[in-house]
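Written out below as structure tokens is the structure these notes cover.
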Amino acid sequence: MPAAIGFLLGGIFLRILDKVIPHLHTSADHGDFDINDSKLGKNTMLFLAVTIHNFPEGMALGVAYAAAAAQPGLASMSGAIALTIGIGLQNFPEGSALSLPILAGGKSKKEAFNLGQLSAIIEPIGAVLGAWAVTQITALLPYGLSFAAGAMIFVVVEELIPESQESGFTDSATLAFLAGFTLMMVLDVALG
């Protein structure tokens with residue numbers, strides 16, 4: 001039950017953020033609000049979208065390290081390290097996915113790069129909040145882990161999978177997804 005509750009709450013939390021904070025969806029307009037009615041520029045809304053979706057990544061890291069601290073051992077720490085490597089690897093293309101449209105929108109290379117980096121500042125904040133919550137109430141650990149998973153799955157299903165399938169490279173995108181998933185499994189087994 002804790003895993004199911006946490007998973008659903010994580011997805012619902014991201015949906016609420018999705019609804020409340022005006023931002024662009026990279027794959028399609030979801031009808032949350034009229035982009036033309038927003039006083040925010042497209043670059044700002046794209047920045048907010050990436051920033052919102054970085055929050056569960058940080059939470060997942062914080063909860064994983066809190067779990068490793070609560071149950072010391074090589075397996076727990078290895079799992080947290082594997083997650084760190086995986087999220088770190090995907091942050092490179094994610095930062096580019098934000099920086100390149102900003103650059104194309106007329107900002108300088110330095111500004112585009114800095115905004116790409118700044119969007120990730122929410123990850124350490126999410127990590128600290130996730131770790132703090134779990135260390136304060138150990139009973140929250142299963143909820144915290146599944147909350148982070150639900151939030152991350154929400155992002156993958158809502159944004160990444162649809163976007164990967166609309167570029168005309170569906171086979172390449174699907175094979176890249178499989179390769180990335182395989183890499184995370186190998187990291188999990190090798191380090192966990």
Checklist entry - Label 7 Å along Cα→Cβ of residue 9; region 59-84 residues with amide nitrogen under 12 Å? => result none
Item to check | Calculated on alpha-carbon atoms, Rg and Dmax of region 52-192 in Å | outcome: 16.5, 50
Checklist outcome for this item: Given 175-183, 119-127, 45-53, 98-106, the highest-first ranking by average Cβ count within 10 Å works out to 45-53, 119-127, 98-106, 175-183
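The numbers here are math on the coordinates, done by the rules we state, and not lab data. Model, not experiment: these values are computed from the prediction. Because the Cβ atoms are built from the backbone with ideal geometry, glycine has one as well, and the counts that use them run over all protein chains shown.
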